[in-house]
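Enquirer: Pasting a structure below so you can have a look.
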Amino acid sequence: MENNFTVHIFGYGETQYITKDVNFKVSTTELATVQPLVDAIWAEKPADVTGGDEYHAINVFNYDRKDWQGKGKDNASFSVNKEDDLTDLIDAVIAEITALMPQ
């Protein structure tokens, strides 16, 4: 997989994949692999962060930074800055998105 990328999972229902050469959005409902990644990032929420799990956007920058932007003031917002065991889940989302890209 590309080592310099961004994945945005938007709460309004789209997921975007960006690299130096690609900028592609798809409806999140078309991606079976997104929810497992969302759940895994939520599971990394720091213990001192409070609020619900509704999100405005989840941003994945390469493999080492994940930002959860809560929707509204009552939902959690946090960043996880580490490379971890989510690599396979991130790669699965990217593979699924790139398979949907026009050739």
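Enquirer: On full extension of the chain, what length is gained from Gln35 through Tyr12, given 0.36 nm per residue of separation minus the C-alpha to C-alpha distance?
Expert: That works out to 6.9 nm of additional length.
Enquirer: Of the listed values (i) 46, 28, 25; (ii) 36, 29, 24; (iii) 44, 27, 22, identify the label whose number matches Cα extents along the principal axes in Å calculated from this model.
Expert: The value computed from this structure is option (iii).
Enquirer: Using R₀ = 41 Å, calculate the FRET efficiency as 1/(1 + (r/R₀)^6) where r is the Cβ-Cβ separation of Ala99 and Asp64; round to 0.05.
Expert: According to the calculation, E is roughly 0.95.
Enquirer: Whole Å is fine, so just give me how far the alpha carbon centre of the range 39-97 lies from that of the range 1-25.
Expert: So the two Cα centres are separated by 14 Å.
Enquirer: While we're looking at this one, here's another question. Given the pairs Lys20/Lys73; Lys45/Lys82; Lys20/Lys66, which are separated by over 23 angstrom at their Cα positions?
Expert: From Lys20/Lys73; Lys45/Lys82; Lys20/Lys66, over 23 Å: Lys20/Lys73.
Enquirer: Can I ask one more? Using r as the Cβ-Cβ distance of Lys73 and Ala43, and R0 as 35 Å, what FRET efficiency do you calculate, to the nearest 0.05?
Expert: Efficiency computed from Cβ-Cβ geometry: 0.95.
Enquirer: Name the residues whose placed amide hydrogens come within less than 5 Å of the amide hydrogen of Ala57, ignoring near sequence neighbours (fewer than 5 apart) on the same chain.
Expert: Here Gly11, Gln69 satisfy the definition.
Values quoted throughout were computed directly from the atomic coordinates according to the rules given, and no laboratory measurement underlies them. The structure displayed is predicted, hence computed values, not measured ones. Backbone-built Cβ (ideal geometry, glycine too); neighbour counts: all protein chains shown.
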